[in-house]
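Each remark here refers to the structure printed beneath this line.
The values are calculated or read from the model by the stated rules, or taken from the named source; none is laboratory data. Keep in mind the model is a prediction, meaning the values are calculated, not measured. For neighbour counting, all protein chains shown are included, and Cβ atoms are generated from backbone atoms with ideal geometry for every residue, glycine included.
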Amino acid sequence: MKAFALAHPNIALVKYWGKRDFAYNLPGAGSLSLTLGGLSTRTCVEFDAALDADSLQLDGKAVESGGKLKRVSQFLDLVRERAGISQHARVISENDFPTGAGLASSASGFAALALAATTAAGLELSATELSILARRGSGSAARSLFGGYVEMNDGVYAIGEDGTKVATRSAEEASKAAYARQIAPAAHWDLRCVIAVTSAGEKDIGSTEGMVSTQNTSPYYEQWIASVPGDIERAAAAVAARDFAALAEVAEASCLRMHASAMGADPGIIYWNATTVALIHAVRKARAGGLPVFFTIDAGPQVKVFCPAEALDECRALLAGTQGVRQILEAHPGEGARLCGDFVSDAAAAKDVAGD
Ligand code: PMV
């Protein structure tokens with residue numbers, strides 16, 4: 001009843017921003033990402049009949065109550081329901097990168113949790129089933145199950161096509177076919193991702209809150225969603241052909257369109273700070289000068305800059321030379337989520353959380 005799993009975060013090259021079903025966490029459109037080796041979440045799940053509630057330890061600290069514990073517990077309910085068990089679980093999770101600052105810790109977190117929890121519960125799910133399950137925890141987590149270049153489907157029902165109201169769909173229908181799959185392995189193309197941390201700490205507006213506000217109030221939301229399928233097609237073709245210039249163009253466009261839709265909300269959502277904007281200009285200027293680099297930005301102020309492996313030193317120097325950059329992290333194409341060995345070095349700390 002105990003298992004350990006490791007997963008990497010991923011960064012979307014074509015963004016996911018908006019849901020067509022909140023209950024089942026179905027995305028409003030597809031997305032395309034790269035799984036990032038070099039940054040990892042390790043999670044241990046142990047179901048234990050002696051526990052009277054789920055417990056969570058995140059990065060060495062007990063999470064006693066609040067949204068994070070509730071989200072993990074609700075996710076474990078899905079696993080318990082599927083496995084036909086009722087035991088509560090002890091969850092210990094560690095990131096080797098900053099949590100909650102726009103570095104996709106929810107993606108690696110729920111991917112690792114899905115694999116560890118289902119294994120601990122005795123379930124053997126296919127990669128597709130795990131992806132569908134991880135999606136319930138966090139949309140982007142569905143992609144972190146897979147290594148390399150990954151495409152997420154929006155499901156069989158395109159917006160406006162199914163004619164069925166969300167509330168009247170059966171659970172099975174509602175979660176039909178919204179899962180991710182690998183489109184190229186990590187070894188296909190050695191792109192590097194250099195992450196400029198421009199602000200420490202948790203972001204102000206979480207991704208779900210930002211999406212709700214965007215889709216409820218932004219006049220640009222529908223246009224944003226309509227633009228995604230074409231961007232996925234262009235990005236997938238650029239990945240297949242290892243065409244850096246084409247990928248740069250579509251990834252920056254997708255990022256800026258996503259942020260434009262959020263900025264159009266009421267009140268407008270601005271995830272960027274002054275350093276974010278300075279980096280956008282620095283990257284574009286460097287690219288115009290011949291350095292193969294492009295940026296992307298998620299629901300936070302950090303800037304992720306992609307480059308081919310041979311341009312890594314120059315790319316790092318570009319970011320380090322921009323005022324306001326506090327920390328630089330590096331990642332490379334990574335593998336999918338997998339089971340791993342015991343990482344909980346401080347067994348005593350783990351016992352404290354369990355309260356025994
Ligand atoms: O999966 P969530 O709910 O954390 O949303 C992720 C949203 C973005 O990171 C901004 C875009 C993406 O596709 O990862």
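Do we have Ile92 as more than 12 Å from the ligand (Cβ to nearest atom) and part of a loop (DSSP other than H, G, I, E, B) here?
Values: more than 12 Å from the ligand (Cβ to nearest atom): yes; part of a loop (DSSP other than H, G, I, E, B): no.
The answer is no for Ile92.
Give all pairs with beta carbons closer than 6 Å in which a residue from the range 1-20 that is of a type in the set (Gly, Ala, Ser) meets a residue that is part of a strand (DSSP E or B) and near the ligand (Cβ under 9 Å from one of its atoms); count only pairs at least 6 apart in sequence or on separate chains.
As it stands, the answer is Ala12/Ser31; Ala12/Ser33, since those pairs meet every condition given.
Give all pairs with beta carbons closer than 6 Å in which a residue from the range 131-153 that is among the β-branched types (Val, Ile, Thr) meets a residue that is modelled with pLDDT of 95 or more and near the ligand (Cβ under 9 Å from one of its atoms); count only pairs at least 6 apart in sequence or on separate chains.
Once the first residue is among the β-branched types (Val, Ile, Thr) and sits in the range 131-153, its partners that are modelled with pLDDT of 95 or more and near the ligand (Cβ under 9 Å from one of its atoms) give Val150/Ser33; Val150/Arg143.
Report whether or not Val250 is buried (at least 21 other Cβ atoms within 10 Å of the Cβ), at negative phi and in contact with a Lys or Arg (Cβ under 6 Å, 6 or more places away or on another chain). Steps first, answer last, please.
On the way: buried (at least 21 other Cβ atoms within 10 Å of the Cβ): yes; at negative phi: yes; in contact with a Lys or Arg (Cβ under 6 Å, 6 or more places away or on another chain): yes.
Judged against the criteria, Val250 is a match.
Kindly list, by first and then second residue, each pair from a residue in the range 320-334 that is in contact (Cβ under 8 Å) with a residue 12 or more places away in the chain to a residue that is of a type outside the set (A, V, I, L, M) and not in a loop (DSSP other than H, G, I, E, B), limited to pairs with Cβ atoms under 6 Å and residues at least 6 apart or on different chains.
Between residues of the range 320-334 that are in contact (Cβ under 8 Å) with a residue 12 or more places away in the chain and residues that are of a type outside the set (A, V, I, L, M) and not in a loop (DSSP other than H, G, I, E, B), the close pairs are Gly324/Thr275; Ala331/Cys193; His332/Gly37; His332/Arg192; Gly334/Thr35; Gly334/Gly37.
Only one of (1) of a type outside the set (D, E, K, R); (2) under 22 Å from Val14 (Cβ atoms); (3) at pLDDT below 95 is not met by Ile328, so which one is it?
Ile328 satisfies all of (1) of a type outside the set (D, E, K, R); (2) under 22 Å from Val14 (Cβ atoms); (3) at pLDDT below 95 except (2).
For the range 240-323, which helices (runs of 4 or more DSSP H) that fit wholly inside it have 3 or more residues that are small (Gly, Ala, Ser) and away from the ligand (no atom under 16 Å from the Cβ)? First the steps, then the outcome.
Values: elements: 244-263, 274-288, 312-320.
Those helices (runs of 4 or more DSSP H) span 244-263, 274-288.
Please verify whether Asp243 is under 22 Å from Glu310 (Cβ atoms) and either in the same structural domain as Val303 (by TED's automatic domain parsing) or within 22 Å of the chain's Cα centre (by Cα) (or both), treating the condition exactly as stated.
Working: under 22 Å from Glu310 (Cβ atoms): yes; either in the same structural domain as Val303 (by TED's automatic domain parsing) or within 22 Å of the chain's Cα centre (by Cα) (or both): yes.
Judged against the criteria, Asp243 is a match.
Looking at the range 333-356, which of the residues that are surrounded by fewer than 18 Cβ atoms within 10 Å (Cβ to Cβ) and modelled with pLDDT of 95 or more is nearest to Ser55 (Cα to Cα)?
Among them, the one singled out is Leu339.
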